[in-house]
Amino acid sequence: MLDVDPALLGETEERKELRQVVRDFLAETSPPQHLREHVPEGCGYDEDVWSRMAKELGVQGLAIPEAYGGSGFSFAELAVVLEESGRALPRAPLLSTVVLGTSALLLSGDHEACARYLPRVAAGTLTATVAGFDGHGRFHAEPGAGGWVGGGSADFVLDGCGAGLIVVVAQTSGGPALFACEAEAAGLARTARQVLDGTRPQALVTLTDTPLVPIGEPGSTSGVVERVLDIGRAGLAAEQVGGSAHALDATVSYVRQRRQFGRQIGSFQAVKHRLADLLVEIEAARSAAAYATACVTASSDELPVAASAAKVVCSGAYSRATAEYVQLHGGIGFTWEHAAHLYVRRARSAEVLFGTPGDHRARLARLLGLDAA
């Protein structure tokens, strides 16, 4: 049953204008050739683009409350930005900073931590991520003479090398708790991982007697972690829709130009059928992502179901879209010189981020009570 305002599912004039502004900005600052040239740099991100995003567009502070230096808009506006970033794949830690890190701070309810970090996030001077949230590692923390200290490790942390702030979930004697770990903290080690998708760096994060700052109330940590992951899945779904749409648009443009046997290959019925089927699949993904976004915006209890459904549907659509992107471009689509491979890699890596589609089908069965049927 739909338990969010249907108006949240549509695109307002304001969001349309935001979409065009962001698309134009990314077309200027993150063309495919620029991205291919800089992917080998690994953990880094384009600091100039990140700074301009903050100063010219206010992207980082879009969904941050005005009390913490942001613009006070909703996740629905942020999802527009995420979708456009999925189209362009900019070298910018958007998902880790404006979705995961920011959501963890806001949901913690710790006003002091929010006031300390979020104005810098909104200004584009601080990037953030989370570690230990998705089960790829384990941290522990205990009070010491000078405050809390932590140990342990977490692997495949998004933008883990470059983040100025890492929000970690660590086990304490009283249960799991959230802590802030700043980049300059002693005992913090970060090792870049070689991953399939070079546009989204990941790292092994290790703490050794590292000073930590507690965030929020320990008793609510498990709920915060699950909510942050579901918000991350909603944000990722928006990205996947953007990447799928790019793949379809680029392929349609190509088949209208490429000629074989004296005619455009797009005029062949078999090609038309493949692209028509893909369009239907992408529109289904767009609907699933839109509902997940609406659930985040409305703080709906339906978010777990919506987020898992979006993860399944959008992952399938993105994989299908990028496969057609390569195949219908023929030989050029398989080469490093073409942008298609960047989207194939992003689609494959996004498919397993925050759980595989199989994991989320099983989760949906549990949430909907179907596993006992």
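The values are calculated or read from the model by the stated rules, or taken from the named source; none is laboratory data. Please read all numbers here as calculations on a predicted model, not as lab measurements. Neighbour counts run over all protein chains shown; Cβ positions are idealised from the backbone, glycine included. Accessible surface areas use protein heavy atoms only, side chains included; no ligands, DNA or RNA. Shrake-Rupley method; radii C 1.70, N 1.55, O 1.52, S 1.80 Å.
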>> Let me spell out the model: positive unit charges on the Cβ of Lys and Arg, negative unit charges on the Cβ of Asp and Glu, origin at the Cα centre of the stretch 207-344. What dipole size does that give, in debye rounded to 20?
In response: 940 debye
>> What does the extension gain come out to for Ala365 and Val280, with contour length at 0.36 nm per residue minus their alpha carbon separation?
In response: 28.1 nm
> Carbon and sulfur: what percent of the chain's accessible surface (1.4 Å probe)?
Replying inline: 54 percent
>> Need one word for the stretch 189-230: rounded, prolate or oblate. Basis is the Cα gyration tensor (sqrt eigenvalues a ≥ b ≥ c); a/c below 1.5 gives rounded, then a/b vs b/c decides.
In response: oblate
>> Residues of the stretch 235-265 with the amide nitrogen closer than 13 Å to a label point 7 Å from the Cα of Lys272, along Cα-to-Cβ, please.
In response: 264-265
>> What does the extension gain come out to for Ser74 and Thr125, with contour length at 0.36 nm per residue minus their alpha carbon separation?
In response: 16.2 nm
>> Given axes a ≥ b ≥ c from the Cα gyration tensor, I'd like to know whether the stretch 113-152 is rounded (a/c under 1.5), prolate (a/b larger than b/c) or oblate.
In response: oblate
> Which of Gly243, Gly151, Gly330 moves the most in a Gaussian network model of the chain with Cα springs under 10 Å?
Replying inline: Gly330
> What accessible area per residue comes out for the chain, rounded to a whole number of Å², with a 1.4 Å probe?
Replying inline: 43 Å²
>> Given contacts defined as C-alpha pairs under 8 Å and at least six residues apart, what's the relative contact order of the chain, whole-number percent?
In response: 16 percent
> Any idea what the relative contact order of the stretch 244-373 is, in percent, if you count C-alpha pairs under 8 Å spaced at least 6 apart?
Replying inline: 25 percent
> With each pseudo-label sitting 7 Å past Cα toward Cβ, what's the Asp155-Ala186 distance in nm, one decimal?
Replying inline: 3.0 nm
>> Please compute, over every Cα-Cα pair in the chain, the percentage with a separation greater than 29 angstrom.
In response: 41 percent
>> Need one word for the stretch 237-289: rounded, prolate or oblate. Basis is the Cα gyration tensor (sqrt eigenvalues a ≥ b ≥ c); a/c below 1.5 gives rounded, then a/b vs b/c decides.
In response: oblate
> Expressed in nm to one decimal, what extension gain is obtained for the pair Ser51 and Glu112 from 0.36 nm per residue of sequence separation less their Cα-Cα distance?
Replying inline: 19.5 nm
> Of Pro201, Leu78, Gly132, which is farthest along the charge dipole of the stretch 61-208 in the positive direction, counting Lys and Arg as +1 and Asp and Glu as -1 at C-beta?
Replying inline: Pro201
> Loop-only check: which trypsin sites (Lys or Arg not before Pro) in the stretch 294-373 are DSSP coil with at most 12 other Cβ within 10 angstrom?
Replying inline: none
> If r is the Cβ-Cβ distance from Gln194 to Trp336 and R0 is 22 Å, what FRET efficiency results, to the nearest 0.05?
Replying inline: 0.85
